[in-house]
Amino acid sequence: MLCNAPADLFVNCYRNMKQIILACILILVGCSIYTKEHSSWTVFWNDDSTLIGFKDRNGHIRIEPKYTGFTTARKFEKIIAVMEETNSKQKMFYLTKSGKIVGRDNIYIIDNGPDCESEGFIRFRDRKTDKVGMYNGKGEIVIPAEYNDLTNVRNGLVAALKGAEKKYPDGNKDSGCNHFSWVGGKEYLIDTNNKIIIDNFTYTWSLNFFSVKIKNEPIQDANRQSFLGTDGRYYSFIDYKKEFQAWLNFAILHSFSKEKLIENSYKEIYIWEEPNGWKPEVSRVLIERNYALIKSRLAELNKEKVDYFISMDGLNPFIYGAAEFGTYFNN
């Protein structure tokens with residue numbers, strides 16, 4: 001059969017095979033390009049550490065150093081806040097990977113630093129109206145600037161405040177102090193399409209948006225808060241503070257012992273010692289050496305009306321610099 005096969009059949013098969021191989025190569029190249037464009041770029045400094053640029057994961061320079069170290073973000077995912085100085089004038093704006101510039105002088109500032117992208121979205125504040133909105137990773141406005149304030153995106157959800165007024169500590173907004181709190185207004189829980197999920201929402205810093213459960217009835221759990229959604233269902237969230245407090249009481253304070261303390265401690269505890277500063281020490285060794293002091297301090301928490309607080313502050317990257325902590329740091 002093969003010996004009698006026409007010659008042009010082999011030619012056609014050969015041509016078809018080349019086309020298939022070429023198509024596969026193009027697909028692979030396309031996938032490679034897509035991956036590069038959708039993977040993080042990292043910050044790098046110029047020789048005198050005055051300007052930053054960005055490199056891709058292969059070390060190729062995507063943007064030469066031209067921006068000041070304005071942003072705290074060290075990874076360029078989709079959109080990032082940058083500052084460029086030209087002729088002694090500083091310009092602040094958001095930059096996308098495609099080179100699109102949006103939000104000129106409308107950067108959302110937190111504690112003297114710009115907002116960072118969260119789940120592909122970043123906040124902006126309209127300087128003319130003093131209202132907050134949100135861009136997606138393409139630099140498109142997905143939440144219009146109609147709110148007093150917004151949280152960053154967490155699990156696709158955003159807490160929003162509308163109709164509030166600023167209150168300054170000394171009652172004078174022109175005193176030079178830029179610290180203030182919001183008074184009044186109404187809180188909502190919305191999604192990244194500006195759809196209202198919960199119309200009567202009460203936001204607290206300790207709500208874990210990633211723990212959301214949606215049920216037809218409120219969940220009876222002391223560590224959760226439930227809210228009635230606009231769809232008639234109940235959205236419940238773990239309260240970090242309540243959850244941690246319950247764990248602390250059960251795992252540590254109840255039937256307090258050295259072994260329980262060691263069992264529930266991380267393998268290393270960081271301590272400050274002069275003159276070298278912060279250093280890790282094996283938790284068992286540290287606890288055994290200081291057990292009497294630790295026990296007396298923690299015993300205070302069992303007293304009535306004791307005054308203490310639970311902090312939600314993140315890990316300090318200058319202290320917890322080991323690679324094993326990398327997974328706990330976001331951008």
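Side notes on the structure shown:
- Here the stretch 213-224 is the region considered, the condition is being assigned to a loop (DSSP other than H, G, I, E, B) and in contact with a Ser or Thr (Cβ under 6 Å, 6 or more places away or on another chain), and the residue that is farthest from GLY163 (Cα to Cα) is ILE219.
- Summed over the stretch 287-324, the residues that are closer than 27 Å to LEU253 by Cα and either aromatic (Phe, Trp, Tyr) or in contact with a His (Cβ under 7 Å, 6 or more places away or on another chain) (or both) give a count of 4.
- Yes/no for THR68 being surrounded by 12 or more Cβ atoms within 10 Å (Cβ to Cβ), at pLDDT below 95 and assigned by TED's automatic domain parsing to the domain that holds LYS138: yes
- For the residues PHE210, PHE244, PHE227, the requirement of being assigned to a helix (DSSP H, G or I) and out of contact with any Cys (no Cβ under 9 Å at 6 or more places or on another chain) singles out PHE244.
- Within the stretch 230-269, the set of residues being touching a residue at least 40 places away in the same chain (Cβ under 8 Å) and polar (S, T, N, Q) comprises GLN245 only.
- The listed residue being on the phi > 0 side of the Ramachandran plot and either surrounded by 16 or more Cβ atoms within 10 Å (Cβ to Cβ) or not assigned by TED's automatic domain parsing to the domain that holds ASN264 (or both), out of ASN208, ASN194, ASN216, ASN223: ASN194
- Scan of the stretch 111-155 for residues that are over 12 Å from the mean Cα position of the chain (by Cα) and either part of a loop (DSSP other than H, G, I, E, B) or in contact (Cβ under 8 Å) with a residue 60 or more places away in the chain (or both), ordered by number: ASP111, ASN112, ARG127, LYS128, THR129, ASP130, GLY137, LYS138, GLY139, GLU140, ASN148
- For the stretch 163-180, the candidate set comprises residues that are surrounded by fewer than 14 Cβ atoms within 10 Å (Cβ to Cβ) and closer than 28 Å to VAL102 by Cα; within that set, the residue that is modelled with the highest pLDDT is GLY163.
- Residue that is surrounded by the fewest Cβ atoms within 10 Å (Cβ to Cβ) [pool: residues in the stretch 247-292 that are β-branched (Val, Ile, Thr) and assigned to a helix (DSSP H, G or I)]: VAL285
- If you go through the stretch 62-108 and keep only what is of a type in the set (Gly, Ala, Ser), in a loop (DSSP other than H, G, I, E, B) and under 22 Å from ASN330 (Cβ atoms), you end up with GLY69, ALA73, GLY103.
- Apart from one condition, LYS295 fits all of (1) exposed (fewer than 15 other Cβ atoms within 10 Å of the Cβ); (2) part of a helix (DSSP H, G or I); (3) in contact with a strand residue (DSSP E or B) (Cβ under 6 Å, 6 or more places away or on another chain); the exception is (3).
- Only listed residue being of a type in the set (A, V, I, L, M) and closer than 30 Å to ARG123 by Cα, chosen from ILE214, ILE219, ILE252: ILE214
- Residue in the stretch 252-265 that is within 26 Å of ASN112 (Cβ to Cβ) and either among the polar types (S, T, N, Q) or touching a Gly at 6+ places or on another chain (Cβ under 7 Å) (or both) present: no
- All told, ASN302 meets the bar of being surrounded by 11 or more Cβ atoms within 10 Å (Cβ to Cβ), over 29 Å from THR71 (Cα atoms), modelled with pLDDT under 95 and over 29 Å from the mean Cα position of the chain (by Cα).
The values are calculated or read from the model by the stated rules, or taken from the named source; none is laboratory data. In this text, all values refer to a predicted model and were calculated from it rather than measured experimentally. Glycine also receives a Cβ, built like all others from the backbone with ideal geometry; neighbour counts cover every protein chain displayed.
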